[in-house]
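Beneath this line is the structure, given in structure tokens, with notes to follow.
The values are calculated or read from the model by the stated rules, or taken from the named source; none is laboratory data. Here the structure is a predicted model, which is why all the values come from computation and not from measurement. Positions of Cβ are generated from backbone atoms using ideal geometry, with glycine treated the same way; all protein chains shown enter the neighbour counts. When the accessible area is computed, the model is the full protein with side chains, heavy atoms only, and any ligands, DNA or RNA have been set aside. Shrake-Rupley method; radii C 1.70, N 1.55, O 1.52, S 1.80 Å.
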Amino acid sequence: MSHTPGTRVFRAHLFHIAGSPAQQDVTQALVSIPDGALVVSGDHGEIAWVGPWADLPAEHAAAPVTRADYLIPGFVDSHVHYPQSYATAAHGGGQLLEWLDHCIFPTETQYADPEFAGRAARYFTRRRIAAGTTAAMVFGSAFPVAQDALYRETLASGLRIVSGRGIQTVGPDAASALITDEKTAIDLVSKEINHWHAVDTGDPRTARVQVAIVPRFSLSVTAQTLGALGELYDEARMRGVYFHSHLNENNRKGDGEIAAVLGTYGVETYLDTYDGRFLSGSREGGRTLLGRRSSLAHAVHSQPRELARMAETGTSIAHCPTSQLFLGSGTMPWRRTIDAGVNVALGTDIGAGDEWLISRVAGDCYKVHISEEGDAGTALHPAELLFAATLAGARALDMEHAFGNLDVGKEADFLLIEKSRWEPLDGMLTMGIRSDDEAEATLEELFTLLMGLRQPAIAGVYVQGQEVVTPGLDPD
């Protein structure tokens, strides 16, 4: 029997969060097909059919078949720092601000060298592929030569990326090489947008390479710079450009990040500085940077009014529990944040985070939130963890129409997993005890898959139905 040329079938146990559920309702949207088939066809690798292998339509019966133990949507990293690729497990001697001065600013300064930047871009791309991160919001380098290398390597690999140069117009001496004057900062961002935004297709709804406006955080710029960025974004958002930064990460009393922002700007909330209300008393001083294509990392210590405003504007939170543990930043209150209506996706926050694999971050997410004090403690449902690692990230990137799950018509971004490639995973999934109740056994299997997954078990990484291309190793 004939089949459509280019059509391929992938047979495995399929897990995904179907449709477009609210975050509070994802447990009802979990789909598990123990012996499933995913049919990929079309020039852009669309999902043509998904369902039980036994029900595969006759028109696809002659298509080539690739088998695996599991098939899940590609992981989406909603917050990762490219110029901190080599800075994981760095001893900073303290919390956020000390760590930035001692470890990060000196590390990021190295990216001014084109040879170093090229090597780092290839390394960063290899690490993403190894971890099954098909799409990512990438906090970029201050140096255009490094950003150019990152975009080139991403295009060559076939991965998806949103990135933007890290903007700093003020800062400590340790960051001096990363700082530009305001005019230069705006000019460089504008050039990056014009050169790289949607460079592959010309359409932000279909592009794999897109650009964001990315000030490091409010302390790295002035009120004047925030005003200029707001004016720039007011135009750029019509072209599908993104905004990304940090929010409410460190709440050390007296001299922590939040105290410093509130003291420097004289505002009522940290979020006000990104909402055009960066003048003393949170008076309006410019255009808002919030919106559907805006996401803010951490939001550990947000006020209720900040959560309400993020929900109102469609701004997402990149939740980074691994790095919050590393820097002693505290615990984002999960239920209070979700109940406020804010979309919450997972981020590795490489390099404060020391795990490239989003499922490992999901593991930390589970452990952190079951340990919240009192009634706030919650055991996250396996579907919530899968959603935060996949579809919530696509939503944060405003690309839920294109990827994030295995719905028919979406582009086929997915991972193939072979449990035998990682013996501990094989042991847990093959020999572990399961409930006699089928529905409960399904949840147990998904939970073990997410908690036990390690990089060696990822047998294939696909974007738009094509296996991505891993950059070669650099010669010594």
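Observations, loosely collected:
- Residue-level check: of (1) farther than 22 Å from residue 31 by Cα; (2) touching a residue at least 60 places away in the same chain (Cβ under 8 Å), residue 461 misses just (1).
- Taken over the stretch 304-342, the residue count meeting the criterion of being more than 21 Å from residue 215 (Cβ to Cβ) and either open to solvent by 10 Å² or more (accessible area, probe 1.4 Å) or in contact with a Gly (Cβ under 7 Å, 6 or more places away or on another chain) (or both) is 17.
- Count of residues meeting criterion [open to solvent by 10 Å² or more (accessible area, probe 1.4 Å), closer than 23 Å to residue 376 by Cβ and of a type in the set (D, E, K, R)] in the stretch 343-359: 0
- The lone exception for residue 176 - which of (1) within 23 Å of residue 258 (Cα to Cα); (2) open to solvent by less than 10 Å² (accessible area, probe 1.4 Å) it fails: (2)
- Hits in the stretch 354-398 (condition: of a type outside the set (S, T, N, Q), under 21 Å from residue 28 (Cβ atoms) and not in a helix (DSSP H, G or I)): 379, 380, 381
- Candidate set: the stretch 460-473, residues that are open to solvent by 30 Å² or more (accessible area, probe 1.4 Å) and at pLDDT below 95; chosen: the one farthest from residue 41 (Cα to Cα): 473
- Qualifying residues in the stretch 36-82 (those that are part of a strand (DSSP E or B) and hydroxyl-bearing (Ser, Thr, Tyr)) - the one most open to solvent (accessible area, probe 1.4 Å): 66
- Qualifying residue in the stretch 369-386 (condition: open to solvent by 60 Å² or more (accessible area, probe 1.4 Å), over 29 Å from residue 333 (Cβ atoms) and hydroxyl-bearing (Ser, Thr, Tyr)): no
- Subset of the stretch 319-346 [in contact (Cβ under 8 Å) with a residue 60 or more places away in the chain and of a type in the set (D, E, K, R)]: 339
- Scanning the stretch 148-188 for residues that are under 15 Å from residue 212 (Cβ atoms) and not basic (Lys, Arg) turns up 150, 151, 154, 161, 162, 163, 164, 166, 167, 185, 186, 188.
- The set of residues in the stretch 104-150 that are hydroxyl-bearing (Ser, Thr, Tyr), farther than 23 Å from residue 361 by Cα and either without any contact (Cβ under 8 Å) to a residue 12 or more places away in the chain or buried (at least 24 other Cβ atoms within 10 Å of the Cβ) (or both) comprises 111, 141.
- Residue list for the stretch 1-30, filter: assigned to a strand (DSSP E or B) and surrounded by fewer than 19 Cβ atoms within 10 Å (Cβ to Cβ): 11
- Of everything listed in (1) within 24 Å of the chain's Cα centre (by Cα); (2) part of a helix (DSSP H, G or I); (3) of a type in the set (Asp, Glu), the single unmet condition for residue 101 is (1).
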